[in-house]
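Coordinate-derived values only; no laboratory data. All values reported here derive from a predicted model rather than from experimental measurement. Positions of Cβ are generated from backbone atoms using ideal geometry, with glycine treated the same way; all protein chains shown enter the neighbour counts.
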Amino acid sequence: MLAEPLSLGSAEAHVRGINRSAVTRAFEQARVEALEVCAKHPDADLTSTQA
């Protein structure tokens, strides 16, 4: 699992695996963590949290 911040307050997550359910859970966890980190930024636009 890899989550990394991008410019303009967006984030990107990459997950690979052969078990679709495990990959889906890992992606959702990475997304939750990224949103938590991004929300702490003082210039965060909290009105946009696209999946």
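A few notes on this one:
- Note, ³J(HN,Hα) from phi for region 30-43, Karplus 6.51, -1.76, 1.60, rounded to Hz, x at Gly and Pro: 4, 5, 4, 5, 5, 5, 5, 5, 4, 5, 7, 6, x, 9
- Neighbourhood charge, 14 Å Cβ-Cβ cut-off, centred on V23 and excluding it, Lys, Arg +1 and Asp, Glu -1: +3
- Relative packing of 23-29, 37-43, 12-18, which averages over residues the other C-beta atoms within 10 Å, highest first: 23-29, 12-18, 37-43
- Under 5 Å, built H, 5+ apart or other chain: amide partners of G17: none
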